[in-house]
Every structure is written in C-alpha cells, then in structure tokens.
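Here is the structure we will look at, set down as structure tokens.
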C-alpha cells in the first residue's frame, strides 16, 4: 500500500484542512518541495486534494509546485468541530477522506492533514484498518530531548480513554517505531504516570506496567514510570500514555516553552545592558528559538494503520506544514508502515515459538 | 481552628518528611524565619515535629530558630512509598500525623510537610474533615502567568480519578481561593481539556462543563475549556482538572522550563561571542532563572479542609521549604480556611434563597 523505497514519494495533502486555510497549506507544500529538491536532492509528487478551482487558483503563485502536483477534486471539507461519527459518513466527498483514500488505493505513500484530529483518526481507521494485533491506532511524534536521540511519545490525542491492553499495544508500536526510526535494538519504554512508585496512578496504568514487566520476550526494555518533569531528559526512548494525558503533556510543554521564551524576551528588553547582551548572543538564541518552535516538530503519525497518515497541527504555519510533509516523505522513504508491521509480526512469531 | 489574624502565626513543620532529610528542612525553616523577620517584619512560632533528639541536634546549627521553636516529639516517619491506607493507621506516632494534629488541636495555624502526598491527603482528610458541601479536598497552587495575576490550578495530584461533581466542587473551591487570595470578584474559571469544542474530552469533563455553565448564581465566570498550551497566558484565574492531568501538566511545565533553561545554557556557552552576550545580560537572565525556579513556587495547599495543610515538593531544597512556609504564613495571616468556608457558605445561602 505504500510506495516502495527508491520510487518518487507521492504525498496526498488535504489542501483544505486546518485553521490557516488553503494558501498556507500550498505555501507549506511548496516549501517542502524546495527543501527536498535542495537538501535531500529528491523529487516528490504531490496529490493536492480539495476544491479543484480553488487549488488551481492558489497554485498560480507556485509554478514550480504546479509541475510536481496533480489536483484530486473533493468538493467538501470536514469542519474543525465536526464529530468523528458524522465525518466518516462524508469520507468520499471530503478533502480529508479522499486524501486518505489515495493512500488506500496506492496512489500515495502517505496522507497529510491539518484538519480535525478525531475525524482524521476515525476515517483513517475505517479506510486503512488497523494492523493485525492492534485494536486502536495511536498518534505518535518524536520530541526533542537533552540526550542524543529524540523520544517517541504516544498517544498524543487519538484515544481519550485507554485500557491496559491499549497502552500495552501503544508500547509495542512505539518500540517498533523507535527501532525502525531511531535505529535502537531494544528501546527503553516508560509509562507516563504521576509518581514512580508501584501503587501510583490509575488501575489501567498499573495493569499495563505489570504486562510490560512480564513481556520479557519483546525487544524493548521496560523502564517503569516516568513523571512529567523528566520527559525530555533523554532517559527513555518511548513514552506511553493515554491520549488525554499525552495531549495535555504535549501542549503544556509547547505552552511552557513559549512562556519561557516570552519571559526571556521581556528580560532581554528590560534594560539597555540586557538588550546589548541579547544582540551579541543573538545567533545562539536564534538557534534555540528554531529548536523550540513547534513548527519544526510538526507532523505526528497514526501508528498501527495499514498505511501512513500524518496529522499536522491545526494552526501550523507554512514552516509547520513543510515540516509535516518532510516527515511524511522520510516515513515513505523508510517504508515505515510495512517495517512496523513486519516488526510486530516478528514479536508474534517469537511469542508463539 | 486557625490562628486569628494579628496573632503570631504558628506553623507545624513535619521535620522528617521529604527526600532531602531533616537538615534541609531545618535550614528551610530557619530561612523562612529570617525572611519573615526581615521582609514581613513579623514573628513566627514553629512547632518542629519529629524525632526529638535528632531535631535538637539539628537545631544547634540554627540558634535563632531554636528561640522561636518548640519540638513536638513523634518517633515514626511515613515512608515515601507507603500506601495512604497504611499511613492513616500510624497517624498518632508519625511526624506527619502529629503535625496535622497540631492544626486540629489549634496549636498551629497550618501544617507543612514535604512527605508522601497521598498519605498527607488521607491523614489530613481523616483528621480535619472536609468543609460542608465538599466531598474531597484538592491540592491547589498559584502558578505564574504572563498576566497581572497568578492562576490557581487544582487538583494537582490528590485525586487520581474524579467525577463531574468532584470537578464542580474543585471549581467552587478554586474560585473561593481566587476571590480571597487574588482579590477578584468573579474569577474566570476554566476546565483543562484536550480541545475547546463542546464534544472534546471525557464524559466527566463534559458533565462538569454543563454544571458550571448552569451555575450562574455563583460569583465566578465559567470560561469553558482551556488546553495545555494556554495555562500561563493569563486568560483564566482558576484552572480545574482531575489530579492525574493536573500533576502531569504541572510537572511537564516544570520539566520544560528546566529543559529550555538547559538548552539556553548550551546556546550561551556555544561560542565566545554568545558567552560574552550572556555575561552582559546576566542580571536579566538571573531574574528569569529565579522566576522559573520551582523552589520559588513551592507549597500547594489542600483546599476544602477545616484547617490548613500545605504540601511541599518532596525534593524541595532549603529555598523551596522556606517558600512553602512563607505561603503557609500568608495563608494563616489571611485566615484562609475560615474565609473559604464563609465564601462557600455564602453560595449555599444564595443558592437556597
């Protein structure tokens, strides 16, 4: 269902989803194409899904992109507050639904949308189906740490409530993602909790910890519970949580980074002396600003589906959209969905042996 | 049950609780005493609860503190991983239990402990009982924002799972805290959630939102759902959540602030130029560092009890302990427990009228 490596990656883009509108989506796609052409030296083909006339008009500003794209018409758009149960009935006529269908039909190696997360999850699950042994897909992203590697965190908001079995499957998928993406033989997997002692947290988390402790046949190392203040210390490779906690943690981290940045700006402009110091050290602080900009970490993937669907932040700007598409291209080139399925299959074989 | 304002505040300190040990607790208490004497110009009396011989030996390093303290002997200590159900059976012989009992007996206006949160909550609830109309106490703290005021956030970890009624009561208590502490007539109260749309989140949160929307007789303004990335924007006065989410959010914020600080340190030391800039703007960045140090925001209070019990961070250093005790003194001086009870009573009267 995905492109095989070596071929030109084809990315289906929901051109109509997200808060920022078509123009920002197209500018982001154009930027991703330029980046790929310059840095990665590779070609990408885009399937731009949505209202044909609007996309054609928007493309006039991006002649280079036009040459690498085809437009796939879809008359409707999923609203930001539309219920998933309602959205799935409109899969065939909406830009989101048609973009996912491009992956299902093998026309694209991945779909990217900045639209409604719940609707995207429901449509992708219905269309692409989950991998064998997986009940629910989970939204996963790589987050920066102080260590050498990023950390895989999931679920980031696809499943509001999760039982121990869901959490266990997220751990298995997250570990497969870390093995294939971060090139680790036995990733360190931790459960997000409110304390490190055994009796802390909900029954679901304690049960999942028991199951992970017992699963010694899996190529991962269960490192116990991790608290919110140690997510970015580089002490774990995979952090597993329900989608509610994961979303709270991810957004709180984003908000706090911005808060500290805002305070820093105030501190640096509080006196002539501090302004001068800021000007002198600006190259260093700009690197840091780039490093912390959520648009440079945009593009979470639904793990556990038979195909690649990426969620871009609803308020992603041109840079954010380009980052999400860049991630999609890397995942298509790495043949991620197939490799994770293979990796999961190996466990089952090993467990049955 | 609390000191009346004007009297010398008396604070019972669990001298044995916390990860850092007796010496750090005593140093923190001594620092709080010096601060109060210098800045607030006020006297404080301390009841130092724990092993009498050990405290007496430790006090030899703090002769000024010794003059303002009495030792209340308690032979046992609650362990960090002790189950609350087990801890409450040892209330009478442990430093934590005896410190709470000092509040119950009117010997102290507040108790402060850096020990086991679950045990502290269970013991405090059993000993002091909840206020009329409140089923469960909640751990609340004031967190810094970009706005003019701090924001009250609760629950921060006392109740792992909460129903809509608990969340509603937390909102009422949090609003009372904001009215008495932040001097606001109708605090803006929001529920922590993973989206701003009505259908987002768990059933408990949606039900609590319905109840808060309907509670127009209460002196608070319900502002709907708030996501993790907007906690510190100064757009709300009270943020209500279950103890699991609240603990994840609080600790993730702490960890991210430290992460950004560590990256900033790396950025500033990455070149001679940036080092120079850092040296020049150091006075400004040091103010920021102080502002973000969790030890300067230590000391959360259990709201909803007939008496004041404060939880200091388990790993609080001397500064952190001093901050928590300073907060306890402010709350005793403000007669917070009585004023919140009165405030809650006024609602009931108004609702019944």
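The values are calculated or read from the model by the stated rules, or taken from the named source; none is laboratory data. Quantities reported herein were computed from a predicted structural model and do not represent experimental measurements. Using ideal geometry, Cβ is built from the backbone for each residue, glycine included, and neighbour counts are taken over all protein chains shown.
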- Only one of these conditions is not met by residue B:281: (1) modelled with pLDDT under 95; (2) over 21 Å from the mean Cα position of the chain (by Cα); (3) more than 30 Å from residue A:276 (Cα to Cα); (4) crowded, with 18+ Cβ neighbours inside 10 Å. Which number is it? (3)
- Note on the structure: Going through (1) without any contact (Cβ under 8 Å) to a residue 24 or more places away in the chain; (2) within 29 Å of the chain's Cα centre (by Cα); (3) closer than 16 Å to residue A:268 by Cβ; (4) facing chain A (nearest Cβ under 7 Å) one by one, residue B:255 fails only at (3)
- Query: Hey, residue A:107 hits all of (1) in contact (Cβ under 8 Å) with a residue 40 or more places away in the chain; (2) more than 24 Å from residue A:326 (Cβ to Cβ) but one; which does it fall short on?
  - Reply: (2)
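For (1) in a helix (DSSP H, G or I); (2) within 14 Å of chain B (Cβ to nearest Cβ); (3) touching a strand residue (DSSP E or B) at 6+ places or on another chain (Cβ under 6 Å); (4) in contact (Cβ under 8 Å) with a residue 40 or more places away in the chain, each residue gets a yes or a no:
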| site | (1), (2), (3), (4) |
| --- | --- |
| A:175 | yes, no, yes, yes |
| A:229 | yes, yes, no, no |
| A:233 | no, yes, no, yes |
| A:247 | yes, yes, no, yes |
- Residue count, the stretch A:10-32 (criterion: under 14 Å from residue A:46 (Cα atoms) and touching a strand residue (DSSP E or B) at 6+ places or on another chain (Cβ under 7 Å)): 8
- Task: From the list A:334, A:324, A:328, pick out the single residue that is under 22 Å from residue A:100 (Cα atoms), surrounded by fewer than 18 Cβ atoms within 10 Å (Cβ to Cβ), more than 14 Å from every other protein chain (Cβ to nearest Cβ) and in contact (Cβ under 8 Å) with a residue 24 or more places away in the chain.
- Result: A:334
- Query: Among the residues of the stretch B:291-313, is any more than 25 Å from residue B:17 (Cα to Cα) and within 14 Å of chain A (Cβ to nearest Cβ)?
  - Reply: yes
- Query: What residue, of A:211, A:253, is at pLDDT below 95 and more than 30 Å from residue B:274 (Cβ to Cβ)?
  - Reply: A:211
- Query: Is it the case that some residue within the stretch B:43-63 is farther than 24 Å from residue B:329 by Cβ, without any contact (Cβ under 8 Å) to a residue 40 or more places away in the chain, touching a strand residue (DSSP E or B) at 6+ places or on another chain (Cβ under 9 Å) and assigned to a loop (DSSP other than H, G, I, E, B)?
  - Reply: no
- Filtered residue count, the stretch A:211-229, keeping only those that are surrounded by fewer than 18 Cβ atoms within 10 Å (Cβ to Cβ) and touching a helix residue (DSSP H, G or I) at 6+ places or on another chain (Cβ under 8 Å): 5
- Query: Are any residues in the stretch B:60-85 over 23 Å from residue B:33 (Cβ atoms) and touching a helix residue (DSSP H, G or I) at 6+ places or on another chain (Cβ under 8 Å), and if so, which ones?
  - Reply: B:76, B:77, B:78, B:82, B:83, B:84, B:85
- Item | Residue list for the stretch B:259-278, filter: within 7 Å of chain A (Cβ to nearest Cβ), in a helix (DSSP H, G or I) and in contact with a helix residue (DSSP H, G or I) (Cβ under 7 Å, 6 or more places away or on another chain) | B:260, B:263, B:264, B:267, B:268, B:273, B:274, B:276, B:277, B:278
- Query: Would the stretch B:77-94 turn up any residue that is crowded, with 21+ Cβ neighbours inside 10 Å and more than 12 Å from residue B:119 (Cβ to Cβ)?
  - Reply: no
- Task: Could you list, in sequence order, all residues of the stretch B:146-173 that are assigned to a loop (DSSP other than H, G, I, E, B), surrounded by fewer than 24 Cβ atoms within 10 Å (Cβ to Cβ) and out of contact with any strand residue (DSSP E or B) (no Cβ under 8 Å at 6 or more places or on another chain)?
- Result: B:146, B:147, B:148, B:149, B:160, B:161, B:163
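The rows are residues; the columns are (1) without any contact (Cβ under 8 Å) to a residue 24 or more places away in the chain; (2) within 19 Å of residue B:95 (Cα to Cα).
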position: B:277; (1), (2): yes, no
position: B:284; (1), (2): yes, no
position: B:289; (1), (2): no, no
position: B:292; (1), (2): no, no
position: B:301; (1), (2): no, yes
position: B:304; (1), (2): no, no
position: B:313; (1), (2): no, yes
position: B:320; (1), (2): no, no
- Query: If you scan the stretch B:235-245, which residues turn out to be more than 9 Å from chain A (Cβ to nearest Cβ) and either farther than 11 Å from residue A:245 by Cβ or surrounded by fewer than 24 Cβ atoms within 10 Å (Cβ to Cβ) (or both)?
  - Reply: B:235, B:236, B:237, B:238, B:239, B:240
- Query: Is there any pair with a first residue in the stretch B:75-90 that is assigned by TED's automatic domain parsing to the domain that holds residue B:101 and over 13 Å from residue B:121 (Cβ atoms) and a second that is modelled with pLDDT under 90 and assigned to a loop (DSSP other than H, G, I, E, B) whose Cβ atoms are under 6 Å apart and which are 6 or more apart or on different chains, and what are they?
  - Reply: B:81/A:197
- Message: For a quick check of your reading: which helices (runs of 4 or more DSSP H) sit entirely within the stretch A:74-145 and have at least 2 residues that are in contact with a strand residue (DSSP E or B) (Cβ under 6 Å, 6 or more places away or on another chain)?
- Response: A:95-104, A:117-128
- Task: For residue A:195, state whether it is assigned to a helix (DSSP H, G or I) and either crowded, with 20+ Cβ neighbours inside 10 Å or modelled with pLDDT under 95 (or both).
- Result: no
- Return yes or no: is residue B:268 buried (at least 21 other Cβ atoms within 10 Å of the Cβ) and over 19 Å from the mean Cα position of the chain (by Cα)? yes
- Message: So, in the stretch A:180-203, exactly how many residues are touching a helix residue (DSSP H, G or I) at 6+ places or on another chain (Cβ under 6 Å) and touching a residue at least 60 places away in the same chain (Cβ under 8 Å)?
- Response: 1
